[in-house]
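Encoded as structure tokens, the structure appears first; notes follow it.
Derivation of every value follows stated rules applied to the coordinates shown; laboratory data play no part. It should be emphasised that the depicted structure is a prediction, and the values quoted were computed from it without experimental measurement. Neighbour counts run over all protein chains shown; Cβ positions are idealised from the backbone, glycine included.
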Amino acid sequence: MNHIVEIDNLRKVYKGFTLDNISLNIPKDSILGLIGPNGAGKTTTIKILMDMIQPQSGSVRIFGMDHRKNIKHVRNRVGYVGEEQHFYGDKTVAWTGKFVSEFFDNWDTNMFQKLLTDFTISRTKKTKELSKGTKVKLSLAIALSHNPELMILDEPTAGLDPVIRREVLELLRTFPEDGNKSVIISSHITDDITRIADYVAFLIEGKIALSEPKDELLSKWKRIHYKDGALEDRISNTLTSQKTHMFGNSGITMDYPALKEVIAEGVAREEIKVENVDLDDVLIALVKGE
Amino acid sequence: MIYLMKKFSFIFILYLLLAVGLVFPLFNYDRLTGPDPLTLNFVFTLAPYLFFVVLGAVYIHEQLEQKSNGYAFLRTLPVKASDIVVAKFLLVLLSVLIYIGFYCVAFAKISTNPSYWKPSCSFLIINGNICLILTALLYVGIFRYGYNKVGKFVVLLWLFIVLSPIPINIFLLKRLGISRREIIERVVSLNWVIVTLVCVALYLLLMRVAIKTLEEAKA
């Protein structure tokens, strides 16, 4: 089993929204960034993975097992941080830790206490008194304290201050280094995904628009700036997100390696310039579909 | 599951203590001081208290679960929907058994007349069965339609159960000339062992429906 998660043809229909034909394989020792605008179906996909929502069709295998039939076992091996954090509000952080510890087979109390200290979370505070950021940190502390093999995080950095956001991302980036561990993180903040992900999947209007290793994607997608007449029409017509400005024209190519030889002369004459794009550019190009 | 039961049990214990610790001496003080304290009035009023204890505990407990998003939290943990539902159903069953057990022992202790306390116990057991079915339906309703919709219905149902003995009394006694003794005799003349077995089987069936409903419910 080379894939820690295998998603096959998921379909979930809501009034006004359909999550359709979602198929993804997530290799071991990797971080998958699930990118998409709000309402694209990221949370629905993640909730299906956690068996919080049932799809109309399709299957999910986690650790090689049917996740629904083995949900207790699967959740024991998955650290989950949801879009919203739910705890018993009237209970303290310490109580919450003790409560959840009863459910996990591999709960590490020392690790939990260490994370509470590292994240500066007060043990005596009631969970309803915690700020949004601290709730996310508590969720992360719980998720990490039972030695999960897979972390599933739904927009974990939304609402966090930059310092904590950086800490959380660093923690996730180093998570697979332990071996055989993976992370699935959804976000519409592409900067977060760029920092940590090995693979990216773009979810647009309930469908996977693109799914590739991040570096491979960024090596293929480039922005081409060119002066009038510097690029043949048959090439310029293949560019997306085309713009015309006072210095010339620009557009994004999805297959730069195929174009590299063709435009080499233009680049040498400085009539064509090639610029790296970021995941934001890719997302915008996919959303606008220009 | 035992751990979940412990977590859920607080409200149930509170309501049981309220019922057996407060209701018993306060509401029945005068009856306890009579020649045979086990009067029909006493038995007749105990049934609504059973509903108050069990349905009330479930109502408050579910309100707290709703307020704190308890189900959403539990569903992030390695807990099956069946564990949650079975824990709740077992707690209800235990509460009913404790309530009935307590009063049946109390009946035997305070009454010198077996022809009084035996039918009284039967009457209470049959009420316990009805209470089990109502509670199971309540859980299925909450898991399917949400607490907010079903909660209002529970208040109305509870008010009906508590207040209905008064108009029923008036109607039966004044209009039809049927006495409470006759009602109780008719009720206990049923084979309550069979009734109980049927009701418990139905309760367990509804528990399965509740599990399925919670599994299918959106997080």
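A few comments on the model shown:
- Beta bridges from DSSP with both residues in the protein assembly as shown: antiparallel share about 65 percent, rounded to the nearest 5.
- Of A:Trp95, A:Trp107, A:Trp221, the residue with the greatest mean-square motion in the GNM of chain A, using alpha carbon springs below 10 Å, is A:Trp95.
- Ordering A:His67, A:His73 from the fewest to the most neighbouring beta carbons within 10 Å gives A:His73, A:His67.
- Span from the region A:12-78 Cα centroid across to the region A:137-165 one, whole angstrom: 18
- Selected from A:Pro156, A:Pro257, A:Pro27 as most flexible by GNM, with chain A as the system and alpha-carbon contacts under 10 Å: A:Pro257
- Build a GNM of chain A with springs between Cα atoms under 10 Å apart, and of A:Val93, A:Val274, A:Val78 the one that fluctuates most is A:Val274.
- Based on Cα contacts under 8 Å between residues 6+ apart, region A:3-217 shows a relative contact order of 31 percent.
- Listing B:Asp83, A:Asp198 from fewest to most neighbouring C-beta atoms within 10 Å gives A:Asp198, B:Asp83.
- Among B:Glu185, A:Glu271, sorting on how many other beta-carbon atoms sit within 10 Å of each Cβ, with the fewest leading, yields B:Glu185, A:Glu271.
- Neighbour net charge for A:Gly89 - beta-carbon separation under 13 angstrom, K R +1, D E -1: +2
- Between region A:168-238 and region A:86-104, the Cα center-to-center distance that results, in Å: 37
- Modelled label positions at A:Gln242 and B:Asn148, each set 7 Å beyond Cα in the direction of Cβ, lie 5.0 nm from each other.
- Remark: for residue pairs A:Lys15/A:Lys125; A:Lys12/B:Lys80; A:Lys47/A:Lys288; A:Lys132/A:Lys222; A:Lys98/B:Lys152, the C-alpha separation exceeds 31 Å in A:Lys15/A:Lys125; A:Lys132/A:Lys222; A:Lys98/B:Lys152.
- Neighbour net charge for A:Phe99 - beta-carbon separation under 11 angstrom, K R +1, D E -1: +3
- Summed residue charge, Cβ within 14 Å of A:Asp178's Cβ, Lys/Arg positive, Asp/Glu negative: 0
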